[in-house]
There are 2 protein chains.
Amino acid sequence: MARAQTDTRTRLLELTAELFAELGYAAVSMREIARAAALTPAALYRHFADKDALYEAVLEHVYRSRTQALHAVLAMDGQSNADMLRGFVMAFAGIVANDKIFSRLLHRELLDGSAARMQRLSTQVFQETFDSFATLLRALAPGRDHHFTANAMITIILGHYECAVIRRSLPGYLPIHDSPDFLADHVIKLVLTGP
Amino acid sequence: MARAQTDTRTRLLELTAELFAELGYAAVSMREIARAAALTPAALYRHFADKDALYEAVLEHVYRSRTQALHAVLAMDGQSNADMLRGFVMAFAGIVANDKIFSRLLHRELLDGSAARMQRLSTQVFQETFDSFATLLRALAPGRDHHFTANAMITIILGHYECAVIRRSLPGYLPIHDSPDFLADHVIKLVLTGP
DNA sequence: CCTAACTAAACGAACGTTTAGTTAGGTAGG
DNA sequence: CCTACCTAACTAAACGTTCGTTTAGTTAGG
């Protein structure tokens, strides 16, 4: 029965991640989570100490599972710096574009995360991404402020999809703008064109 | 006594904006709002039909009051396009950097706003800003996709302060990065350097 | 037969909201 | 000038609901 524990736990984490991402911590009740899992509210407390612990576990689970794709891209060797930058921007854009659970939880944490949770967000999600961008930019755009530029790339990608619903109603919008490929192309063009 | 009504109403709007911006809609109770206003919960219902109407009124109030500074910059004539762009980026960056109530409510709406509220966000907050950027970019950077580039400028500025707490813990950070002047300089440099 | 995983039921607290009554400032009639 | 009254702005108290959580008991696989 030890197997059922981890099964239920993982199932709860994924199912709860969706609820928290969609509605936010305060707007999701333990009863709602239990209903979604076809369980009794009390059963949740077999797997998590309280609502806070459940939320923390959800963040841990989502961060770990979602940044693996990025780390895989990072680990690729034997490419030119330009290719690595492009592959990396596309991977990050793809995750942000397609994984609403990840990106919404991330934006929620940026709004409401405690200092301790921001620290985890920083090290577990952004540290490696940021270092990669900065290192590549040092080689590819030597005249720029790497810290600022790497940040700008990340925030353009995050904001591009955060503001998607508004962007689509502004003049000049084309559906192609939503594609991670288009975004990657233009972000790189923006950052790499010399003075 | 008609005066007391609008006084209390405005006071409630500003005080409640702070609470909603800080904690989010679901995490703020009517009792908490009443306590902050030194009123009874029931008194709130003299001024607003229910919690939703209060939140809507807060958004309306904040959007109207905060975008006036931007519109003033937009109305300035007799400047070069480059000066206008710079003044405009700085004004937007200044608001986003200094007015946490505005920027946090904005990010919350981007996460949780209904279709109707997103429409208001689009027209009341972003439409004019976006048009100005796009128009200026058409003259200053003719080779670019204006829609994408204008959006990129807005999202860099929004994301720069949204991610500030993470940015400060990443290698290469300097306090100067937080200044709207620095941000404006680098955003313009990023966008205006030709191929 | 033990233990892990659950259910049924309930706890007190807090929630949004309503009802009934109170207060205070403006206004009209004498 | 005074008084009687009206209404807007409030308070005190309670409504029923939902919240997070706990307790006690049940079930089923090793």
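The values are calculated or read from the model by the stated rules, or taken from the named source; none is laboratory data. Predicted model, so just to flag it, every value in this text is computed and none were measured. Positions of Cβ are generated from backbone atoms using ideal geometry, with glycine treated the same way; all protein chains shown enter the neighbour counts.
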Filter result (within 8 Å of DNA strand C (Cβ to nearest atom) and modelled with pLDDT of 95 or more) within region B:1-32: B:A26, B:V28, B:S29, B:M30, B:R31, B:E32
Cβ-Cβ distance below 7 Å, separation of 6 or more or different chains: which pairs start in region A:38-57 with a residue that is within 28 Å of A:L106 (Cβ to Cβ) and end on one that is near DNA strand C (Cβ under 6 Å from one of its atoms)? A:H47/A:T8
Looking for something under 15 Å from the mean Cα position of the chain (by Cα) and surrounded by 19 or more Cβ atoms within 10 Å (Cβ to Cβ) - is there at least one such residue anywhere in region B:31-43? no
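Before we move on, is B:R11 in contact (Cβ under 8 Å) with a residue 24 or more places away in the chain, basic (K, R) and more than 16 Å from DNA strand D (Cβ to nearest atom)?
Criteria not met by B:R11.
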Which numbered condition trips up A:F130, out of (1) under 30 Å from B:L105 (Cα atoms); (2) surrounded by fewer than 17 Cβ atoms within 10 Å (Cβ to Cβ); (3) within 8 Å of chain B (Cβ to nearest Cβ)? (2)
Would you be able to say whether some residue in region B:115-122 is surrounded by 14 or more Cβ atoms within 10 Å (Cβ to Cβ) and either over 19 Å from A:G159 (Cα atoms) or away from every other protein chain (no Cβ under 14 Å) (or both)? no
Might you check whether a residue that is closer than 25 Å to B:A116 by Cα and within 11 Å of DNA strand D (Cβ to nearest atom) occurs anywhere in region B:30-44? yes
Residues within region B:115-138 that are in contact with a helix residue (DSSP H, G or I) (Cβ under 7 Å, 6 or more places away or on another chain) and not charged (D, E, K, R), tallied: 13
Which condition from (1) within 16 Å of DNA strand C (Cβ to nearest atom); (2) closer than 24 Å to A:L105 by Cα; (3) not hydrophobic (A, V, I, L, M, F, W, C) is the one that B:Q119 breaks? (1)
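So, in region B:53-84, of the ones that are within 16 Å of DNA strand D (Cβ to nearest atom) and under 16 Å from B:R31 (Cα atoms), which residue ends up surrounded by the most Cβ atoms within 10 Å (Cβ to Cβ)? I'd like the intermediate steps shown before the answer.
Applying the first criterion (within 16 Å of DNA strand D (Cβ to nearest atom)) to region B:53-84 yields B:53-54, B:57.
Those still in the list that are under 16 Å from B:R31 (Cα atoms) too: B:53-54.
Working: B:A53: 12, B:L54: 22.
Ranking the candidates gives B:L54 first.
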Condition test on B:T135, is it touching a residue at least 40 places away in the same chain (Cβ under 8 Å), hydroxyl-bearing (S, T, Y) and part of a helix (DSSP H, G or I)? no
Residues in region B:33-60 that are over 22 Å from B:Q124 (Cβ atoms) and either near DNA strand C (Cβ under 8 Å from one of its atoms) or β-branched (V, I, T) (or both) total 8
Which of (1) at the interface with chain A (Cβ under 7 Å from one of its Cβ atoms); (2) within 20 Å of the chain's Cα centre (by Cα) does B:D99 not meet, given it meets every other one? (1)
I'd like the full set of residues that are facing chain A (nearest Cβ under 7 Å) and without any contact (Cβ under 8 Å) to a residue 24 or more places away in the chain, limited to region B:105-114. B:L110, B:L111
Of all residues in region A:146-192, which are crowded, with 16+ Cβ neighbours inside 10 Å, hydroxyl-bearing (S, T, Y) and facing chain B (nearest Cβ under 9 Å)? A:T149, A:T155, A:Y173
